[in-house]
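In what follows, a structure is listed as C-alpha coordinates, so that the remarks can point back to it.
The values are calculated or read from the model by the stated rules, or taken from the named source; none is laboratory data. All values reported here derive from a predicted model rather than from experimental measurement. Here the Cβ positions follow ideal geometry from the backbone for every residue, glycine too, while neighbour counts run over all protein chains shown. Heavy atoms of the whole protein, side chains included, go into the accessibility calculation; ligands, DNA and RNA do not. Shrake-Rupley method; radii C 1.70, N 1.55, O 1.52, S 1.80 Å.
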Amino acid sequence: MHEETNPVCGECGRSPTDTRATRKRNAHGGNRLAFRIWLLLLLALLVLAMPWVQTRVGWRYAEIDSSSITDPRPRTIPLIEPLVRWRDVEAAARGDLAAIERLRSGIKETMPDSISRMDADYATVQFEMIQNSYHEHGSRADMRRYFESDSTGSLSSLLAIRSSSEHEYIGWPYRWSGAYTTRLLDYQEVVSSSNPMGPDPEPTIETEYETHRFWRWDGITASVLFAWWAGWLAGIVLKRLKAKRAWRLGARWAVVLGLLTTSLVLGFRPSVTESNNTFSTAYEAIPSSTDPITRPQAEMMELLEEDGAVQRIAQELLDRHSTLDRPNALVGLIAYNPLKMSSYMLRFGYWGATAASYSQFGHFAIDEEGNMTQVPVQRSPNHRTFHASIHGLSINLLPGSKPNTRYSIGIQFAMVLIWLTGAIVLLRLLELSIRPFYHIIQLRRILHKKCVWCKYPLPQEQDSVETS
(Lines give C-alpha, C1' and ligand atoms only; values in the text may rest on other atoms or scores of the structure.)
Protein backbone atom coordinates (compact mmCIF):
# COMPACT_ATOMS: atom_id res chain seq x y z
CA MET A 1 0.00 0.00 0.00
CA HIS A 2 2.84 2.34 0.82
CA GLU A 3 4.50 1.71 -2.53
CA GLU A 4 1.25 2.39 -4.40
CA THR A 5 0.65 5.80 -2.79
CA ASN A 6 4.34 6.82 -2.68
CA PRO A 7 6.11 5.35 -5.70
CA VAL A 8 9.91 5.29 -5.64
CA CYS A 9 12.19 5.56 -8.64
CA GLY A 10 14.30 2.46 -9.05
CA GLU A 11 17.26 4.54 -10.25
CA CYS A 12 17.57 7.48 -7.82
CA GLY A 13 15.31 6.32 -4.96
CA ARG A 14 13.13 9.44 -4.88
CA SER A 15 9.53 9.98 -5.86
CA PRO A 16 9.57 10.08 -9.66
CA THR A 17 6.62 12.49 -9.91
CA ASP A 18 6.88 14.68 -6.82
CA THR A 19 8.84 17.88 -7.59
CA ARG A 20 9.20 18.47 -3.86
CA ALA A 21 10.50 15.02 -3.00
CA THR A 22 13.85 16.29 -1.76
CA ARG A 23 15.20 19.38 -0.03
CA LYS A 24 18.83 18.39 -0.39
CA ARG A 25 20.57 21.14 -2.29
CA ASN A 26 23.06 18.86 -4.01
CA ALA A 27 20.26 16.51 -5.15
CA HIS A 28 18.23 19.21 -6.86
CA GLY A 29 18.93 19.34 -10.58
CA GLY A 30 18.29 23.07 -10.70
CA ASN A 31 20.95 23.64 -8.06
CA ARG A 32 23.44 21.55 -10.02
CA LEU A 33 22.78 23.62 -13.11
CA ALA A 34 23.15 26.81 -11.07
CA PHE A 35 26.43 25.49 -9.66
CA ARG A 36 27.86 24.92 -13.16
CA ILE A 37 26.86 28.42 -14.25
CA TRP A 38 28.34 29.76 -11.00
CA LEU A 39 31.69 28.13 -11.71
CA LEU A 40 31.79 29.71 -15.16
CA LEU A 41 30.98 33.14 -13.72
CA LEU A 42 33.66 32.74 -11.05
CA LEU A 43 36.19 31.87 -13.73
CA ALA A 44 35.20 35.02 -15.65
CA LEU A 45 35.55 37.13 -12.48
CA LEU A 46 38.96 35.63 -11.77
CA VAL A 47 40.09 36.52 -15.27
CA LEU A 48 38.76 40.05 -14.80
CA ALA A 49 40.75 40.35 -11.55
CA MET A 50 44.03 39.60 -13.31
CA PRO A 51 46.32 42.67 -13.27
CA TRP A 52 46.92 42.49 -17.01
CA VAL A 53 43.17 42.66 -17.64
CA GLN A 54 42.64 45.39 -15.05
CA THR A 55 45.35 47.47 -16.71
CA ARG A 56 43.38 47.40 -19.94
CA VAL A 57 40.04 48.27 -18.33
CA GLY A 58 41.28 51.39 -16.54
CA TRP A 59 43.28 50.51 -13.40
CA ARG A 60 46.73 51.78 -14.28
CA TYR A 61 48.31 50.67 -11.00
CA ALA A 62 47.35 47.02 -11.39
CA GLU A 63 50.74 46.37 -12.97
CA ILE A 64 53.68 48.57 -11.97
CA ASP A 65 57.05 48.05 -13.58
CA SER A 66 59.94 50.19 -12.35
CA SER A 67 62.58 47.53 -12.83
CA SER A 68 64.90 49.71 -14.90
CA ILE A 69 66.26 52.47 -12.66
CA THR A 70 68.93 54.37 -14.54
CA ASP A 71 68.79 57.80 -12.91
CA PRO A 72 71.96 58.38 -10.87
CA ARG A 73 71.10 61.96 -9.93
CA PRO A 74 71.44 62.95 -6.27
CA ARG A 75 68.63 64.33 -4.18
CA THR A 76 68.35 68.04 -3.42
CA ILE A 77 67.09 68.84 0.08
CA PRO A 78 66.73 72.58 0.84
CA LEU A 79 67.63 73.64 4.38
CA ILE A 80 64.32 75.31 5.03
CA GLU A 81 63.49 74.50 8.68
CA PRO A 82 65.31 76.33 10.08
CA LEU A 83 65.89 78.54 7.08
CA VAL A 84 69.59 78.68 6.18
CA ARG A 85 70.60 81.31 3.59
CA TRP A 86 73.76 82.78 2.16
CA ARG A 87 73.76 85.52 4.80
CA ASP A 88 73.80 82.81 7.51
CA VAL A 89 76.74 81.10 5.82
CA GLU A 90 78.70 84.36 5.79
CA ALA A 91 77.93 84.96 9.47
CA ALA A 92 78.85 81.38 10.43
CA ALA A 93 82.16 81.64 8.58
CA ARG A 94 82.95 84.74 10.65
CA GLY A 95 82.36 82.76 13.85
CA ASP A 96 78.89 84.04 14.76
CA LEU A 97 77.62 81.47 17.27
CA ALA A 98 73.95 82.02 16.45
CA ALA A 99 74.62 81.47 12.75
CA ILE A 100 76.74 78.38 13.49
CA GLU A 101 73.92 76.91 15.56
CA ARG A 102 71.44 77.73 12.80
CA LEU A 103 73.56 75.90 10.22
CA ARG A 104 74.04 72.94 12.56
CA SER A 105 70.30 72.69 13.25
CA GLY A 106 69.49 72.88 9.56
CA ILE A 107 71.88 70.03 8.78
CA LYS A 108 70.65 67.84 11.64
CA GLU A 109 67.02 68.34 10.67
CA THR A 110 67.74 67.53 7.04
CA MET A 111 70.17 64.64 7.41
CA PRO A 112 67.59 61.91 8.16
CA ASP A 113 65.78 62.73 4.91
CA SER A 114 68.88 61.78 2.94
CA ILE A 115 69.38 58.35 4.51
CA SER A 116 68.65 55.50 2.16
CA ARG A 117 66.18 52.80 3.16
CA MET A 118 68.68 50.19 2.00
CA ASP A 119 72.05 51.06 3.48
CA ALA A 120 73.08 54.45 4.84
CA ASP A 121 76.77 53.51 4.86
CA TYR A 122 76.97 54.09 1.10
CA ALA A 123 75.40 57.54 1.20
CA THR A 124 77.44 60.71 0.77
CA VAL A 125 76.47 64.35 1.23
CA GLN A 126 77.70 67.73 0.11
CA PHE A 127 76.51 71.31 0.43
CA GLU A 128 75.62 73.71 -2.34
CA MET A 129 73.98 77.06 -2.72
CA ILE A 130 70.76 76.23 -4.57
CA GLN A 131 68.01 78.03 -6.47
CA ASN A 132 64.66 77.29 -8.01
CA SER A 133 65.42 76.34 -11.58
CA TYR A 134 62.12 77.81 -12.83
CA HIS A 135 62.31 81.07 -10.90
CA GLU A 136 64.89 83.82 -10.38
CA HIS A 137 68.40 83.09 -11.66
CA GLY A 138 67.67 79.41 -12.51
CA SER A 139 68.91 77.83 -15.72
CA ARG A 140 65.28 77.20 -16.77
CA ALA A 141 63.88 80.55 -15.68
CA ASP A 142 62.34 81.03 -19.12
CA MET A 143 59.85 78.29 -18.24
CA ARG A 144 58.36 80.42 -15.47
CA ARG A 145 55.74 81.99 -17.72
CA TYR A 146 54.20 78.57 -18.39
CA PHE A 147 53.72 77.91 -14.70
CA GLU A 148 52.41 81.39 -13.94
CA SER A 149 49.70 80.95 -16.60
CA ASP A 150 48.51 77.72 -15.02
CA SER A 151 45.11 78.49 -13.48
CA THR A 152 44.73 75.19 -11.60
CA GLY A 153 47.95 75.48 -9.63
CA SER A 154 48.83 71.85 -10.30
CA LEU A 155 52.00 72.74 -12.17
CA SER A 156 53.12 75.44 -9.79
CA SER A 157 52.88 72.98 -6.88
CA LEU A 158 55.65 70.98 -8.53
CA LEU A 159 57.98 73.93 -8.02
CA ALA A 160 57.39 74.08 -4.28
CA ILE A 161 59.41 72.43 -1.54
CA ARG A 162 57.57 69.44 -0.13
CA SER A 163 58.45 69.58 3.54
CA SER A 164 56.15 67.07 5.25
CA SER A 165 53.28 64.69 4.68
CA GLU A 166 50.46 63.33 6.80
CA HIS A 167 48.31 60.25 6.33
CA GLU A 168 44.97 60.06 8.12
CA TYR A 169 42.70 57.02 8.12
CA ILE A 170 39.34 56.25 9.70
CA GLY A 171 37.59 52.91 9.96
CA TRP A 172 37.61 49.71 11.95
CA PRO A 173 38.36 46.87 11.51
CA TYR A 174 39.06 47.95 7.93
CA ARG A 175 39.71 51.42 6.59
CA TRP A 176 36.70 53.36 5.32
CA SER A 177 38.35 56.59 4.28
CA GLY A 178 41.73 58.24 4.11
CA ALA A 179 43.40 61.56 3.41
CA TYR A 180 46.91 62.38 2.25
CA THR A 181 48.09 65.90 2.98
CA THR A 182 51.35 67.38 1.73
CA ARG A 183 52.80 70.61 3.09
CA LEU A 184 54.18 72.81 0.30
CA LEU A 185 56.58 75.71 0.86
CA ASP A 186 56.95 78.28 -1.87
CA TYR A 187 60.24 80.07 -1.19
CA GLN A 188 60.72 83.32 -3.11
CA GLU A 189 64.22 84.75 -3.14
CA VAL A 190 63.93 88.56 -3.22
CA VAL A 191 66.35 90.49 -5.47
CA SER A 192 69.04 92.33 -3.51
CA SER A 193 68.52 95.99 -2.67
CA SER A 194 70.22 98.52 -4.96
CA ASN A 195 71.34 100.39 -1.85
CA PRO A 196 74.59 98.67 -0.76
CA MET A 197 74.29 100.23 2.73
CA GLY A 198 70.65 99.20 3.18
CA PRO A 199 69.44 96.16 5.09
CA ASP A 200 69.26 92.78 3.44
CA PRO A 201 65.81 92.14 1.99
CA GLU A 202 63.64 89.48 3.57
CA PRO A 203 62.56 86.49 1.47
CA THR A 204 58.95 85.37 1.27
CA ILE A 205 57.70 81.93 2.21
CA GLU A 206 54.14 80.89 1.43
CA THR A 207 52.75 77.71 2.93
CA GLU A 208 50.05 75.67 1.21
CA TYR A 209 48.53 72.26 1.86
CA GLU A 210 47.65 69.81 -0.86
CA THR A 211 45.06 67.29 0.34
CA HIS A 212 43.69 64.24 -1.43
CA ARG A 213 40.79 62.44 0.26
CA PHE A 214 39.42 59.10 -0.82
CA TRP A 215 36.76 56.62 0.29
CA ARG A 216 37.28 52.87 0.54
CA TRP A 217 34.10 51.11 -0.49
CA ASP A 218 35.76 47.78 0.10
CA GLY A 219 36.67 48.73 3.68
CA ILE A 220 33.14 49.92 4.50
CA THR A 221 31.55 46.79 3.03
CA ALA A 222 34.06 44.45 4.63
CA SER A 223 33.52 45.98 8.08
CA VAL A 224 29.78 45.23 7.87
CA LEU A 225 30.41 41.72 6.54
CA PHE A 226 32.93 41.07 9.31
CA ALA A 227 30.21 41.69 11.92
CA TRP A 228 27.67 39.59 10.00
CA TRP A 229 29.88 36.53 9.59
CA ALA A 230 31.09 36.77 13.20
CA GLY A 231 27.45 36.55 14.29
CA TRP A 232 26.87 33.63 11.91
CA LEU A 233 29.87 31.82 13.37
CA ALA A 234 28.57 32.39 16.91
CA GLY A 235 25.26 30.83 15.88
CA ILE A 236 27.02 27.79 14.38
CA VAL A 237 29.03 27.26 17.56
CA LEU A 238 25.92 27.42 19.75
CA LYS A 239 24.13 25.02 17.41
CA ARG A 240 26.93 22.51 17.87
CA LEU A 241 26.53 22.97 21.62
CA LYS A 242 22.82 22.03 21.32
CA ALA A 243 21.62 25.49 22.37
CA LYS A 244 17.99 26.46 21.83
CA ARG A 245 17.07 28.29 18.65
CA ALA A 246 16.07 31.44 20.54
CA TRP A 247 19.44 31.50 22.26
CA ARG A 248 21.22 31.05 18.94
CA LEU A 249 19.35 33.90 17.29
CA GLY A 250 19.84 36.17 20.28
CA ALA A 251 23.56 35.48 20.45
CA ARG A 252 23.95 35.96 16.73
CA TRP A 253 22.34 39.38 16.68
CA ALA A 254 24.13 40.39 19.88
CA VAL A 255 27.48 39.68 18.20
CA VAL A 256 26.47 41.50 15.00
CA LEU A 257 25.16 44.61 16.76
CA GLY A 258 28.03 44.60 19.24
CA LEU A 259 30.67 44.53 16.51
CA LEU A 260 28.87 47.20 14.48
CA THR A 261 28.73 49.44 17.55
CA THR A 262 32.41 48.80 18.26
CA SER A 263 33.19 49.59 14.63
CA LEU A 264 31.44 52.96 14.89
CA VAL A 265 33.13 53.83 18.18
CA LEU A 266 36.65 52.87 17.10
CA GLY A 267 36.25 53.69 13.43
CA PHE A 268 35.76 57.42 13.82
CA ARG A 269 38.96 57.81 15.81
CA PRO A 270 41.43 58.93 13.15
CA SER A 271 44.73 57.16 12.83
CA VAL A 272 47.39 59.69 11.85
CA THR A 273 50.96 59.08 10.72
CA GLU A 274 53.31 61.95 9.94
CA SER A 275 56.61 62.00 8.11
CA ASN A 276 59.14 64.72 7.49
CA ASN A 277 60.73 64.18 4.13
CA THR A 278 61.84 67.51 2.72
CA PHE A 279 62.79 67.53 -0.94
CA SER A 280 62.34 69.47 -4.14
CA THR A 281 62.55 68.48 -7.77
CA ALA A 282 62.79 72.10 -8.98
CA TYR A 283 65.93 73.28 -7.19
CA GLU A 284 69.40 73.11 -8.69
CA ALA A 285 72.89 74.07 -7.57
CA ILE A 286 74.17 77.57 -8.26
CA PRO A 287 77.17 77.22 -10.58
CA SER A 288 80.60 77.44 -8.97
CA SER A 289 84.16 77.37 -10.29
CA THR A 290 85.21 74.57 -7.90
CA ASP A 291 83.62 71.26 -6.97
CA PRO A 292 82.07 70.81 -3.52
CA ILE A 293 83.61 68.56 -0.89
CA THR A 294 81.83 65.22 -0.59
CA ARG A 295 81.69 63.48 2.78
CA PRO A 296 80.15 60.24 4.06
CA GLN A 297 77.12 60.77 6.27
CA ALA A 298 78.85 59.28 9.31
CA GLU A 299 81.71 61.77 8.97
CA MET A 300 79.28 64.64 8.56
CA MET A 301 77.44 63.71 11.76
CA GLU A 302 80.74 63.73 13.67
CA LEU A 303 81.66 67.18 12.34
CA LEU A 304 78.41 68.65 13.61
CA GLU A 305 79.48 68.09 17.22
CA GLU A 306 82.11 70.88 17.10
CA ASP A 307 81.50 74.58 16.43
CA GLY A 308 84.84 74.84 14.66
CA ALA A 309 83.91 72.08 12.21
CA VAL A 310 80.58 73.73 11.38
CA GLN A 311 82.44 77.01 10.85
CA ARG A 312 84.80 75.25 8.42
CA ILE A 313 81.82 73.93 6.44
CA ALA A 314 80.53 77.50 6.14
CA GLN A 315 83.99 78.72 5.11
CA GLU A 316 84.17 76.08 2.37
CA LEU A 317 80.92 77.36 0.92
CA LEU A 318 82.15 80.94 1.25
CA ASP A 319 85.35 80.15 -0.62
CA ARG A 320 83.48 78.49 -3.48
CA HIS A 321 80.95 81.33 -3.87
CA SER A 322 83.08 84.32 -2.86
CA THR A 323 81.45 86.60 -5.43
CA LEU A 324 77.85 85.59 -4.75
CA ASP A 325 75.69 88.65 -4.05
CA ARG A 326 72.44 86.96 -3.13
CA PRO A 327 71.86 87.10 0.63
CA ASN A 328 68.68 85.04 0.41
CA ALA A 329 69.97 82.19 -1.71
CA LEU A 330 69.19 78.87 -0.02
CA VAL A 331 71.67 76.34 1.29
CA GLY A 332 70.87 72.83 0.13
CA LEU A 333 72.02 69.37 1.13
CA ILE A 334 72.93 67.29 -1.91
CA ALA A 335 72.54 63.64 -0.88
CA TYR A 336 73.60 60.77 -3.08
CA ASN A 337 73.33 57.05 -2.53
CA PRO A 338 74.44 54.67 -5.29
CA LEU A 339 72.19 51.93 -3.91
CA LYS A 340 68.80 51.90 -5.60
CA MET A 341 65.83 49.58 -5.49
CA SER A 342 63.70 48.62 -8.46
CA SER A 343 60.31 46.99 -8.21
CA TYR A 344 57.79 45.03 -10.18
CA MET A 345 54.29 44.73 -8.69
CA LEU A 346 51.13 42.89 -9.68
CA ARG A 347 47.82 43.61 -7.96
CA PHE A 348 44.89 41.23 -8.22
CA GLY A 349 41.53 42.90 -7.68
CA TYR A 350 39.03 45.27 -9.19
CA TRP A 351 39.57 48.94 -10.02
CA GLY A 352 41.72 49.94 -7.06
CA ALA A 353 40.58 47.31 -4.52
CA THR A 354 43.40 44.81 -4.04
CA ALA A 355 42.73 41.25 -2.90
CA ALA A 356 46.27 39.94 -3.37
CA SER A 357 49.57 41.36 -4.55
CA TYR A 358 52.92 40.11 -5.71
CA SER A 359 56.03 42.29 -5.53
CA GLN A 360 59.57 41.74 -6.70
CA PHE A 361 62.33 44.09 -5.48
CA GLY A 362 65.76 44.29 -7.07
CA HIS A 363 68.79 45.91 -5.41
CA PHE A 364 71.33 47.75 -7.56
CA ALA A 365 74.24 50.14 -7.37
CA ILE A 366 74.29 52.87 -10.04
CA ASP A 367 77.34 54.88 -11.03
CA GLU A 368 77.34 58.41 -12.44
CA GLU A 369 77.01 57.08 -15.99
CA GLY A 370 73.88 55.14 -15.10
CA ASN A 371 75.47 51.68 -15.19
CA MET A 372 73.83 49.23 -12.82
CA THR A 373 75.56 46.59 -10.69
CA GLN A 374 73.63 43.98 -8.75
CA VAL A 375 73.89 44.18 -4.96
CA PRO A 376 73.08 41.05 -2.89
CA VAL A 377 70.18 41.42 -0.47
CA GLN A 378 71.16 41.28 3.20
CA ARG A 379 68.86 39.96 5.92
CA SER A 380 67.90 42.83 8.24
CA PRO A 381 67.26 42.37 11.98
CA ASN A 382 63.64 43.48 11.48
CA HIS A 383 62.96 41.03 8.68
CA ARG A 384 59.83 38.94 9.29
CA THR A 385 59.00 36.17 6.86
CA PHE A 386 55.34 36.00 7.90
CA HIS A 387 53.16 38.74 9.33
CA ALA A 388 49.43 38.37 9.93
CA SER A 389 46.86 40.79 11.34
CA ILE A 390 43.16 41.50 11.00
CA HIS A 391 43.99 43.54 7.89
CA GLY A 392 45.86 40.90 5.97
CA LEU A 393 48.78 38.53 5.56
CA SER A 394 52.23 39.26 4.16
CA ILE A 395 54.97 36.82 3.21
CA ASN A 396 58.46 38.22 2.65
CA LEU A 397 60.88 35.88 0.96
CA LEU A 398 64.63 36.31 0.76
CA PRO A 399 66.38 35.80 -2.57
CA GLY A 400 66.73 32.39 -4.14
CA SER A 401 68.28 32.03 -7.56
CA LYS A 402 68.72 35.82 -7.88
CA PRO A 403 70.82 37.07 -4.93
CA ASN A 404 69.86 40.71 -5.52
CA THR A 405 66.10 40.16 -5.59
CA ARG A 406 63.59 39.62 -2.82
CA TYR A 407 59.90 38.86 -3.08
CA SER A 408 56.74 39.76 -1.21
CA ILE A 409 53.23 38.31 -1.32
CA GLY A 410 50.33 40.13 0.32
CA ILE A 411 46.69 39.19 0.92
CA GLN A 412 44.13 41.83 1.92
CA PHE A 413 41.41 40.26 4.04
CA ALA A 414 38.85 43.01 3.38
CA MET A 415 38.65 42.29 -0.34
CA VAL A 416 38.87 38.52 0.18
CA LEU A 417 35.90 38.71 2.60
CA ILE A 418 33.88 40.70 0.07
CA TRP A 419 34.77 38.36 -2.75
CA LEU A 420 33.84 35.19 -0.84
CA THR A 421 30.57 36.72 0.39
CA GLY A 422 29.70 37.87 -3.10
CA ALA A 423 30.42 34.39 -4.47
CA ILE A 424 28.07 32.78 -1.92
CA VAL A 425 25.31 35.31 -2.58
CA LEU A 426 25.71 34.83 -6.33
CA LEU A 427 25.30 31.06 -5.98
CA ARG A 428 22.13 31.46 -3.91
CA LEU A 429 20.64 33.93 -6.41
CA LEU A 430 21.39 31.58 -9.29
CA GLU A 431 19.70 28.72 -7.48
CA LEU A 432 16.59 30.78 -6.78
CA SER A 433 16.40 32.08 -10.35
CA ILE A 434 16.97 28.72 -12.05
CA ARG A 435 14.60 26.61 -9.92
CA PRO A 436 11.40 27.93 -11.65
CA PHE A 437 12.86 27.03 -15.06
CA TYR A 438 13.93 23.62 -13.80
CA HIS A 439 10.39 23.06 -12.51
CA ILE A 440 9.16 23.43 -16.11
CA ILE A 441 11.68 20.80 -17.18
CA GLN A 442 10.34 18.47 -14.47
CA LEU A 443 6.76 18.91 -15.70
CA ARG A 444 7.84 18.00 -19.22
CA ARG A 445 9.51 14.83 -17.90
CA ILE A 446 6.26 13.84 -16.22
CA LEU A 447 4.45 14.19 -19.56
CA HIS A 448 7.04 11.90 -21.13
CA LYS A 449 6.69 9.32 -18.33
CA LYS A 450 10.16 9.91 -16.92
CA CYS A 451 11.48 10.49 -13.41
CA VAL A 452 11.55 14.22 -12.65
CA TRP A 453 14.97 13.82 -10.98
CA CYS A 454 17.03 11.40 -13.08
CA LYS A 455 15.00 10.98 -16.32
CA TYR A 456 14.66 7.24 -15.71
CA PRO A 457 11.63 5.82 -17.62
CA LEU A 458 8.63 5.15 -15.41
CA PRO A 459 6.75 1.84 -15.43
CA GLN A 460 3.66 1.93 -17.65
CA GLU A 461 1.30 1.23 -14.78
CA GLN A 462 2.70 4.19 -12.80
CA ASP A 463 0.73 7.22 -13.92
CA SER A 464 -0.06 9.01 -10.67
CA VAL A 465 1.15 12.58 -10.89
CA GLU A 466 1.96 15.06 -8.18
CA THR A 467 2.82 18.41 -9.54
CA SER A 468 1.86 20.72 -6.76
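Can you sort TRP172, TRP247 by 1.4 Å-probe accessible area, starting with the largest?
TRP247, TRP172
Taking Cα atoms, how many degrees apart are the long axis of helix 29-49 and the longest axis of the chain, rounded to 10 and kept between 0 and 90?
Between helix and principal axis, roughly 10 degrees.
Match the structure shown to one of the listed values [x] 1.05; [y] 1.29; [z] 1.53 of Cα Rg over 2.2 N^0.38 Å, computed from it, and give that label.
Checking each listed value against the structure points to [z].
Pairing the Cα long axis of helix 97-110 with the longest principal axis of the chain, what angle in degrees results, from 0 to 90 and rounded to the nearest 10?
30 degrees
Taking only pairs that are 8 or more places apart or on different chains, how many Lys pairs in the chain have Cα atoms under 24 angstrom apart?
Counting lysine pairs in the chain gives 8.
To the nearest 10 square angstrom, how much accessible area does TYR134 have with a 1.4 angstrom probe?
Taking all protein chains as shown, TYR134 has close to 40 Å².
If DNA, RNA and ligands are ignored and the probe is 1.4 Å, what is the ranking of TYR283, TYR344 by accessible area, most exposed first?
Sorted by accessible area, descending: TYR344, TYR283.
With every protein chain present, what accessible area does ASP65 have (1.4 Å probe, heavy atoms only), rounded to the nearest 10 Å²?
100 Å²
Per DSSP H run of at least 4 residues, take -39500 (n - 2.57); add these up for the chain, divide by its residues and hand me the 222 nm value, nearest 500 deg cm²/dmol.
My calculation for the chain gives -11000 deg cm²/dmol from helical runs alone.
Among GLN315, LEU397, LEU238, whose Cα projects farthest towards the positive end of the dipole of the chain, with charges put on the beta-carbon of Lys, Arg (+1) and Asp, Glu (-1)?
Final value for the positive-end residue is LEU238.
Which listed residue (MET345, GLN188, LEU103) has the Cα farthest towards the positive end of the charge dipole for the chain, taking +1 on Lys and Arg C-beta and -1 on Asp and Glu C-beta about the Cα centre?
Among MET345, GLN188, LEU103, the one farthest towards the positive end of the dipole of the chain is MET345.
Give me the 1.4 Å probe accessible area per residue for the chain, excluding ligands and nucleic acids, in Å².
Heavy-atom accessible area per residue stands at 59 Å².
Packing-wise, with mean Cβ within 10 Å as the measure, how do 411-421, 47-57 rank, highest first?
Descending packing order for the listed peptides: 411-421, 47-57.
Quote the charge dipole size of the chain about the Cα centre in Debye, to the nearest 20; the model charges only the Cβ of Lys and Arg (+1) and of Asp and Glu (-1).
4660 debye
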